[in-house]
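*Asks:* One structure is given below, represented as structure tokens, and several questions about it will come after.
What follows is calculated from the coordinates using simple rules that are stated; it is not laboratory data. All values reported here derive from a predicted model rather than from experimental measurement. Note: ideal-geometry Cβ built from the backbone for every residue, glycine included; neighbour counts use all protein chains shown.
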Amino acid sequence: MDIAPDTDPAAPADPDLFSYEASPRPVAALAVDYPDGHRVRRHRHRRAQLLYAISGVLVVDTAAGIWVAPPTRGVWVPAWTPHGIRVSGAARVRAVFVEAGAAGRLPAQCCVLSVTPLLRELIVAASAVPADWRLGTRDGRLMLLLLDELRQEPALPLHLPQPAEPRLARICRALARHPGEPAGAADWARRLGVDPKTVHRLFLRHTGMTFGRWRQQARLLAAMERLARGERVLDVALELGYESPSAFAAMFRKATGETPSAYAARGGAAA
């Protein structure tokens, strides 16, 4: 199924995916570059898909939630899952399409996968391989190794659940739009006319997270997008509600394993 085109007439045309979806081979890959802010409307594919950006940050949204992937991560989207895409920073996107049953132990739900240096190079090389590659050739061996590497990558928690419960959805939409909003669970309880315990109970029941954990995750994902666009660490920290850059850096490092400045510098070098 083709990706629906973006409404911006200056945006690059989205690729024709027929040859990748209909390939007789179990895996195929393509390359497409998008400018900062490019959006692809919600669509779906017959094959499962790994979306990876060599540079920039990918934001993939589904009915179940939002997944964010910087250049060390990829987003796994199972077959027939409706999803939209947004990019932050100039994004060099590589998409790997995998036929059902081509490899065991692949995720059954959307998730973020770690992209090791080896997997990164395999994805980049695979995007130059024709969709009708032949078994027993160099291209064939490369593509089969790519499948092996996909099976080994663990899921990572760069995910923001989007609940359907109306009261909770109202809170989450507001926090996603303004992640630096200082209002806490008690403030939202007053706005909704419920007990604060109800807010906490709703978050745990419908997202699997506490209110504070969901808000922190929203801030983390917003920070990753903004840093990918080249915004200063100090500005990002303050706009997201942190009292100091050091508090922001501690949160960011705990969640991603690196400091905001190192993340921003690596993203800039990749771009």
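*Asks:* I want the local charge near ALA250. Using Cβ-Cβ distances under 14 Å, sum +1 for each Lys or Arg and -1 for each Asp or Glu among the other residues.
*Replies:* +1
*Asks:* How far is helix 211-228 tilted, in degrees, relative to the longest principal axis of the Cα atoms in the chain, given as a value from 0 to 90 rounded to the nearest 10?
*Replies:* Roughly 50 degrees between the two axes.
*Asks:* To the nearest 10 degrees, how steeply does helix 138-152 sit against the main Cα axis of the chain, on a 0 to 90 scale?
*Replies:* 30 degrees
*Asks:* Further question on the same structure: How long are the semi-axes of the equivalent ellipsoid of the chain, defined as square roots of 5 times the Cα gyration tensor eigenvalues? Whole Å, largest first.
*Replies:* Whole-Å semi-axes of the equivalent ellipsoid: 34, 21, 17.
*Asks:* Another one. Give me, ordered by chain and number, the residues 5 or more places off ASP33 or on other chains with an amide H under 5 Å from its own placed amide H.
*Replies:* VAL93
*Asks:* Which of these, TRP188, TRP214, TRP76, has the largest mean-square fluctuation under a Gaussian network model of the chain (Cα springs below 10 Å)?
*Replies:* TRP188
*Asks:* I need the Kirkwood Rh of the range 124-198: take the reciprocal of the average 1/r across all distinct C-alpha pairs and report it in angstrom.
*Replies:* Answer for the range 124-198: a Kirkwood hydrodynamic radius of 16.9 Å.
*Asks:* Sticking with this one: Taking Cα atoms, how many degrees apart are the long axis of helix 260-270 and the longest axis of the chain, rounded to 10 and kept between 0 and 90?
*Replies:* Rounded to the nearest ten degrees, it is 30.
*Asks:* Let me ask another. Over 5 Å intervals from 0, what percent of Cα-Cα pairs in the range 33-99 sits in each interval?
*Replies:* Over the range 33-99, the share of Cα pairs per 5 Å bin runs 4, 20, 31, 27, 15, 3, 0 percent.
*Asks:* Explain nothing, just compute: Karplus ³J(HN,Hα) = 6.51 cos²θ - 1.76 cosθ + 1.60, θ = phi - 60°, for every residue of the range 30-46 in order, whole Hz, x for Gly and Pro.
*Replies:* My calculation for the range 30-46 gives 9, 10, 8, 9, 10, x, 3, x, 4, 10, 10, 5, 4, 7, 8, 10, 5 Hz in order.
*Asks:* Let me ask something else. Using only the Cα atoms of the range 113-262, each taken as one equal point scatterer with no solvent, compute I(q) by the Debye sum, divide by I(0), and report log10 of the ratio at q = 0.19 Å⁻¹.
*Replies:* Results for the range 113-262 at q = 0.19 Å⁻¹ read -1.09.
*Asks:* Still on this structure, please answer the following. Over all alpha-carbon pairs of the range 30-69, lay out the pair-distance distribution in 10 Å bins, whole %, shortest bin first.
*Replies:* The percentages, shortest bin first, are 21, 63, 16.
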